[in-house]
Structure formats: structure tokens, C-alpha cells
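Have a look at the structure below, then the notes.
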Amino acid sequence: MGGHWGTSSSASSRSTVRASPVADALENWTYSTSPSDRDAVARRLSAAFPEADVRRGDGSRAHDAVVDDVRVLIVSRLDSAFRRDFYTLADRFDDVVVFSTTCHASTPNEWREFKHRNRGRTGGARVRFAHRRDSSEGDGPSVVRTLAELAVPAVGIVALLAASLGLFGTGGSAVAALEGYARAVGTVTVLASVLTITVLLTRRRVCASVLRRIPHT
């Protein structure tokens with residue numbers, strides 16, 4: 001599995017891991033709660049830092065996981081209990097990572113404000129933030145690529161119809177053919193557009209990606 005998960009803490013002089021790479025490892029990870037969120041985070045960090053001392057928190061301390069001397073705090077709500085734990089860790093340790101499981105989505109404005117106020121250094125700690133990535137994020141095609149993929153069949157349908165009706169002729173014959181079949185071409189174009197939009201709206205990954213790119217107000 002990698003790492004030394006569950007072993008005793010190493011001395012700070014041996015610590016080689018800092019907050020930034022730990023935050024990056026969590027940011028680029030598809031979130032899991034199996035068998036628990038603490039276990040899943042510890043396993044992820046153990047795999048990401050096989051030479052580090054990785055330990056899962058047991059609930060008796062403010063942190064939920066430790067990587068060498070980096071304290072990781074899992075947060076679902078920006079409530080008073082979280083803030084107390086966060087500032088306690090920031091005052092006592094050099095590196096703190098805050099990993100949001102839900103509050104970045106449920107209270108995005110508050111999450112952004114908290115990050116802006118505490119990113120960099122708080123107390124004596126280097127503080128970094130990360131948020132969960134769901135399985136619907138990141139692994140699928142981009143929105144632009146998906147739109148292109150959906151547009152190609154629609155254009156192809158219209159092109160095939162135009163070819164079958166002889167609309168790719170030249171001169172007056174093409175214009176006459178277009179005038180004669182304008183209603184049919186329009187109908188097929190509308191149907192192709194509706195089909196494209198329907199497929200787009202039913203693709204969960206595309207909808208999630210589009211919604212995430214809309215700025216919160």
C-alpha cells in the first residue's frame with residue numbers, strides 16, 4: 001500500500017513532506033469514504049507518499065490524518081468546532097492542510113472567504129486547501145470536446161440529407177433545389193438540434209462540468 005500507515009510519529013527534523021504536495025495529492029484524488037473518510041484519506045496519502053510516516057487520526061486530536069509533520073483536517077462544515085480545530089493546528093504545527101468534503105459546494109462563498117483569509121500562513125503554519133473530486137469530475141471529456149462530438153452527428157445528418165436532395169449542386173439548380181426542399185431541410189435541422197441538446201442535457205458529466213464553471217454569486 002505504501003507509506004508507514006499507523007506507525008509512530010517521526011521527528012520533525014526527518015520530515016520531508018510539506019503542505020503543498022499533500023494538498024495536491026488530495027485535490028487530484030477521487031474522493032472515497034470506504035471504510036471511512038479518515039481511512040480513505042490516510043490510504044490515499046500513504047500511496048502518494050510511500051516514504052512518509054502516514055497516520056490516521058482517531059478523533060482524540062484536532063487532525064484527521066498526519067503525513068510526517070503535516071496535519072490534515074477534513075471539513076464538511078465551516079462551523080465553530082472546525083474553526084477551533086483549525087486554529088489550534090495552525091498555532092502548533094508548521095504545515096496544515098484543510099480538505100473539504102462538502103462545504104466547498106454547499107457554502108462556496110464562505111469557503112472562498114475562509115481560504116482567502118487563511119491561505120499562505122496562519123499562525124505559524126503553512127496552510128493549504130483542497131476539496132474533494134467526485135468520480136464525475138476530471139476523468140471525462142471536456143465540455144468543448146463533448147460539444148464537438150455531439151455536433152458532428154447533427155452536421156452529418158444535415159449534410160447527408162442535403163446530398164440526397166442534390167443541394168450540393170452549383171448555380172441555379174442548387175438554389176432551386178434548396179427552395180423546393182426548404183421545409184424538409186428546416187425540419188431535419190431542428191430535429192438534429194433537439195437531439196443534440198437532449199443528449200447534452202442527459203450527460204451527467206457535461207452538466208456537472210458546466211455548472212462548476214458558472215461563477216457563484
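The values are calculated or read from the model by the stated rules, or taken from the named source; none is laboratory data. All figures in this text were calculated on a predicted structure; none of them were measured in a lab. Here Cβ is always computed from backbone atoms with ideal geometry, including for glycine, and neighbour counts include all displayed protein chains. When the accessible area is computed, the model is the full protein with side chains, heavy atoms only, and any ligands, DNA or RNA have been set aside. Shrake-Rupley method; radii C 1.70, N 1.55, O 1.52, S 1.80 Å.
Residues that are more than 19 Å from residue 41 (Cβ to Cβ) and open to solvent by 70 Å² or more (accessible area, probe 1.4 Å) within the stretch 75-85 comprise 80, 84, listed in sequence order.
Within the stretch 109-124, is there a residue that is within 21 Å of residue 21 (Cα to Cα), out of contact with any strand residue (DSSP E or B) (no Cβ under 6 Å at 6 or more places or on another chain), hydroxyl-bearing (Ser, Thr, Tyr) and open to solvent by less than 20 Å² (accessible area, probe 1.4 Å)? Yes, that holds for at least one residue. Please verify whether residue 58 is exposed (fewer than 12 other Cβ atoms within 10 Å of the Cβ) and either among the acidic types (Asp, Glu) or modelled with pLDDT of 95 or more (or both), treating the condition exactly as stated. Against the criterion (exposed (fewer than 12 other Cβ atoms within 10 Å of the Cβ) and either among the acidic types (Asp, Glu) or modelled with pLDDT of 95 or more (or both)), residue 58 qualifies.
Among the residues of the stretch 34-86, those that are in contact with a Leu (Cβ under 9 Å, 6 or more places away or on another chain) and in a helix (DSSP H, G or I) comprise 41, 44, 45, 48, 82, 85, 86.
Filtered by the rule that a residue be assigned to a strand (DSSP E or B) and hydroxyl-bearing (Ser, Thr, Tyr), the stretch 87-104 gives a lone residue, 100. Residue 49 falls short on exactly one of the conditions (1) modelled with pLDDT of 95 or more; (2) among the aromatic types (Phe, Trp, Tyr); (3) outside the structural domain of residue 119 (by the TED database), and that condition is (3).
For the stretch 13-30, a residue qualifies if it is open to solvent by 40 Å² or more (accessible area, probe 1.4 Å), within 22 Å of residue 85 (Cα to Cα) and part of a loop (DSSP other than H, G, I, E, B), and exactly one does: 18.
For the stretch 86-108, the set of residues classified as open to solvent by 20 Å² or more (accessible area, probe 1.4 Å), small (Gly, Ala, Ser) and touching a strand residue (DSSP E or B) at 6+ places or on another chain (Cβ under 9 Å) consists of 105 only.
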